[in-house]
Amino acid sequence: MVKFFIIACLVAIVLSMASGLFYLVTDKGTSKKMVNALSVRVGLSVLLFLLLLLAWSQGLITPQGM
């Protein structure tokens, strides 16, 4: 279940980045749509980081590798 939220958050971050790029190209700086899209991305990134820390501290995910 936690992995689903992690992947959903990553997809939402990518979509927010894509919408920011779209507004950067098409909007020509006449509105704050790009700023809003990028602030949503930053918020989602912070949420993802906190979700990962919480899942790790609860033992729901474990580090792999090294």
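The values are calculated or read from the model by the stated rules, or taken from the named source; none is laboratory data. Quick caveat, the model's predicted, so the values are computed rather than measured. When we count neighbours, we look across all protein chains shown, and the Cβ atoms used for this are built from the backbone with ideal geometry, even at glycine.
For the reader, a short list of remarks on this structure follows.
- Test: Ala55 is of a type in the set (Gly, Ala, Ser), assigned to a helix (DSSP H, G or I), closer than 14 Å to Phe5 by Cα and touching a Phe, Trp or Tyr at 6+ places or on another chain (Cβ under 9 Å): yes
- When region 31-66 is filtered for residues that are under 19 Å from the mean Cα position of the chain (by Cα), small (Gly, Ala, Ser) and closer than 26 Å to Leu21 by Cα, the ones remaining, listed by number, are Ala37, Ser39, Gly43, Ser45.
- Inside region 1-47, residues that are among the basic types (Lys, Arg) and not in a helix (DSSP H, G or I) make up a count of 2.
- When the residues of region 1-17 are filtered to those that are of a type outside the set (Val, Ile, Thr) and exposed (fewer than 11 other Cβ atoms within 10 Å of the Cβ), the one that is nearest to Ile61 (Cα to Cα) is Lys3.
- Residue in region 23-42 that is modelled with pLDDT of 95 or more, surrounded by 10 or more Cβ atoms within 10 Å (Cβ to Cβ) and of a type in the set (Phe, Trp, Tyr) present: no
- Of everything listed in (1) in a helix (DSSP H, G or I); (2) loosely packed, with under 12 Cβ neighbours inside 10 Å, the single unmet condition for Pro63 is (1).
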